[in-house]
Amino acid sequence: MANALQHHPLPGARNLCIAGGCGLNIKWNSALRETGLFDSVWVPPFPNDSGSAIGAACCEIVAQQGFVPLDWSVYSGPSLQAGEVPAGWHASPCSISEVAAILASNKPVVFLSGRSELGPRALGGRSILAAATSPEMKDHLNEIKFREHFRPVAPICLEDRAPDIFSPGTPDPYMLFDHQTKMPWQDKVPAVVHLDGSARLQTISRNSQHKVAEVLVEYEKLTGIPLLCNTSANYHGRGFFPSAAAACEWGRVEHVWCDGMLYRKPSATA
């Protein structure tokens, strides 16, 4: 790549956009960014085929209207559906601060909020959230998700605190770059630290309107830790849960929060 740039220098800023399925490889993306060959490296939220439909629609808009602003978000997937929750589950109103308290007691929560994410990553709309403060939590999440024990679990972190914990810790809202966990934090949040010290970080602004940001803010107030484990809330090998009823039917997490309501198994305590 260095030879290509030498023979074909780019005028102005040297910015790189990575498209195609290789853009989902965070090691590749990070290595390109760290070469110093580019002023900026950008990867679309879903550079693989899952973004093709959006790209086709954008091309048609340009053809008909020219380049116009788009009202768009990664949280543009299906809305939550209604459904009959299985018998035995207790439902009650539950505030975000109460969700944070459940998480602080080391209990995972299926967190369903608003419209779902597009693409292959859970970004807080259809997530299983959990405290990252014990290495056993990674094993527990992998077990309930039927994943191999060595698979890493990603952190979701408040954007302004990420540089304190990760290197480089730069904004990474779509989990598309590799970050190293700083040594003082590796023992504090072991559930999200991979074998080489890396983490597939997602950052989110504490001022975001998305409810998962509010959870992180409240959890930070309780624990001083601005991050949580974040893995997708879905059936094994299938898409995101479409409803609280589906998450309860799955039943492998005892607490399901869905847009202000908490569903608990009879044996679960908040």
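The values are calculated or read from the model by the stated rules, or taken from the named source; none is laboratory data. What you are looking at is a predicted structure, and each value in this text was computed from that prediction instead of being measured. Glycine also receives a Cβ, built like all others from the backbone with ideal geometry; neighbour counts cover every protein chain displayed.
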Would you check which residues across the range 126-165 are touching a residue at least 24 places away in the same chain (Cβ under 8 Å) and among the polar types (S, T, N, Q) and list them?
SER127, THR133, SER134
Those residues of the range 49-75 which are modelled with pLDDT under 85, polar (S, T, N, Q) and over 23 Å from HIS210 (Cβ atoms) amount to SER52
Any residue at all in the range 100-108 that's at pLDDT 90 or above and over 22 Å from the mean Cα position of the chain (by Cα)?
no
Need pairs with beta-carbon distance below 8 Å; first residue more than 10 Å from PRO47 (Cα to Cα) and within the range 13-33, second among the acidic types (Asp, Glu); sequence gap 6+ or separate chains.
ALA13/ASP39; ARG14/ASP39; ASN15/ASP39; ILE26/ASP178; LYS27/ASP178; ASN29/ASP178; SER30/ASP178
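Taking the condition in contact (Cβ under 8 Å) with a residue 40 or more places away in the chain and either touching a helix residue (DSSP H, G or I) at 6+ places or on another chain (Cβ under 7 Å) or not in a helix (DSSP H, G or I) (or both), does PRO69 pass?
Here the answer is no, as PRO69 does not meet what is asked.
Within the range 151-173, which residues are in a loop (DSSP other than H, G, I, E, B) and farther than 15 Å from ALA213 by Cβ?
Passing the criteria: ARG151, PRO152, VAL153, PRO168, GLY169, THR170.
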Just to be sure before I move on: is MET137 buried (at least 19 other Cβ atoms within 10 Å of the Cβ) and in a loop (DSSP other than H, G, I, E, B) in the structure I sent?
no
